[in-house]
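Here is the structure we will look at, set down as structure tokens.
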Amino acid sequence: MNVAAKMGPLMEFDWQAYLRRIGFEGVVEVDHAGLTELHRRQARSIAFENFDILLGRPITLDPTRLWEKMVDNRRGGYCFELNGLMVMAMQAFGFHARPLLAHVHMSGEVNPLRTHQFSLVTLDGEDWLSDVGFGSSSPRAPVRFALDQPQQQDGECFRIIASTDYGYMLQSQLEGDWQDLYSFDLDTVDPQDIYKGNQFTSTHPHSFFTHTGVAAIQSESGRMALRNLDLRVVEGGNETLQSVAPGADYIKMLDDCFGLQIDRPFDALNLPDEAQQ
């Protein structure tokens, strides 16, 4: 395990601080068990969220800024941030990992830009997808890159299939049906492509993230997911849905449920009008 790994000219990866942030005790082994534990720990400790976007703050992918936001300040982030931090961590611990970009298919409309970042990890000649940044639909563990093979993860199921138009498609099973999540190929990703995808997703008025408040985090036996004022909790196979009151109660809920300490009042979040009634 590398004690410190250079992550650009301005910072070193403080693996001890990262492991404290995700609640990982012990040694990170560079094997499938170690990769799975890193994935699970980060997904259960650092929330998916977009509240800086709603507050009008830029989403900066500089490694130093990612570290400051999610490790030092204990905030969350969305795919470019969460998986950006995750790939930094994997590389620091000695995993052969690199970013990939994907087209998101969940809405049925496919943006010509690739607006989702995740990671490809190669272990002993076998490839795995690691994704801790797809919100309430994030895999619960790395997905083995094997076509047409359903993979069970804590009661959920994922698979990768070939896609004629896009290369490959990651799907999840919902009530017996397969749902397209995102499509991708394995080509090397240029940093400019990541920059463009992040810029569109965090600033464009047609981006879901510029007009909807979302948060998600996994637990050992479930998930919590927020969309504006609606909070969905899945635990032990049971699902509940509740409406969160706007105002101070909402800000407190973000801390209680997602570990997010937002430094602005509810009215500053710029949620859609129907969420503020």
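Collect residues whose amide H, placed 1.01 Å from N in the peptide plane, falls under 5 Å from the amide H of ARG75; neighbours closer than 5 in sequence don't count.
Amide H neighbours of ARG75: MET70.
Residue by residue, what Karplus-based ³J(HN,Hα) values in Hz, rounded to whole numbers, does the stretch 83-92 have, using 6.51, -1.76 and 1.60 with θ = phi - 60° and x for Gly and Pro?
3J(HN,Hα) across the stretch 83-92, in whole Hz: 6, x, 5, 5, 5, 4, 5, 4, 5, 5.
Using packing as a proxy for protection, rank 264-271, 106-113 so that the peptide with the highest average count of other Cβ atoms within 10 Å comes first.
Top of the packing list down: 264-271, 106-113.
Of the candidates ASP124, ASP230, ASP249, which one comes out as most mobile in a Gaussian network treatment of the chain with C-alpha springs shorter than 10 Å?
Residue with maximal mean-square fluctuation among ASP124, ASP230, ASP249: ASP124.
Neighbouring Cβ atoms within 10 Å as the yardstick, rank ILE217, ILE59 fewest first.
In increasing order of surrounding Cβ atoms, one gets ILE59, ILE217.
For the ranges 153-166, 126-139, what's the packing order if you count other beta-carbon atoms within 10 Å of each residue, average per peptide, and put the highest first?
Per-residue Cβ counts within 10 Å, averaged per peptide and sorted highest first, yield 126-139, 153-166.
Could you go through the stretch 24-37 in sequence order and give the Karplus-derived ³J(HN,Hα) for each residue, using 6.51 cos²θ - 1.76 cosθ + 1.60 with θ = phi - 60°, rounded to whole Hz, and x for Gly and Pro?
Once rounded to whole Hz, the list reads 9, 10, x, 9, 8, 8, 8, 8, 4, 4, x, 4, 4, 5.
Please state the charge dipole magnitude for the chain, taken about the Cα centre, from unit charges on C-beta atoms (+1 on K and R, -1 on D and E), reported in debye and rounded to the nearest 20.
560 debye
State the extension gain, in nm to one decimal, for the chain segment bounded by ALA268 and ALA245, taking 0.36 nm per residue of separation less the distance between their alpha-carbons. Please report the intermediate quantities before stating the final value.
On the way: separation 23, 0.36 × 23 = 8.28 nm, distance 1.53 nm.
Extra length available between ALA268 and ALA245 comes to 6.8 nm.
Of ASN73, ASN228, ASN198, which has the largest mean-square fluctuation in a 10 Å C-alpha GNM of the chain?
Per the Cα network of the chain with a 10 Å cutoff, ASN73 tops the list.
What does the extension gain come out to for LEU174 and GLN149, with contour length at 0.36 nm per residue minus their alpha carbon separation?
7.4 nm
Grab the Cα-Cα distance for VAL30 and THR64, subtract it from 0.36 nm times how many residues apart they are, and report the gain in nm with one decimal.
On the way: separation 34, 0.36 × 34 = 12.24 nm, distance 2.43 nm.
Answer, rounded to one decimal: 9.8 nm.
Please name whichever of PHE200, GLY259, LEU147 sits farthest to the positive end of the charge dipole of the chain, dipole taken about the Cα centre and charges placed at Cβ: Lys and Arg +1, Asp and Glu -1.
Positive-end residue among those listed: GLY259.
Over the stretch 15-275, what is the relative contact order in percent, taking alpha-carbon pairs closer than 8 angstrom and at least six residues apart? Provide the component values of the computation, followed by the final result.
On the way: 493 pairs, mean separation 47.0, N = 261.
Here the relative contact order equals 18 percent.
For the chain, set up a Gaussian network in which alpha carbons nearer than 10 Å are linked by springs, and say which option among LEU55, LEU226, LEU85 fluctuates the most.
In this elastic network of the chain, the residue with the biggest mean-square fluctuation among LEU55, LEU226, LEU85 is LEU55.
Taken together, the values in this text are just the output of simple stated rules run on the coordinates, not laboratory data. Everything quoted here is computed from the prediction, not taken from an experiment. Every residue, glycine as well, gets a Cβ built from its backbone with ideal geometry; the counts of neighbours run over all protein chains shown.
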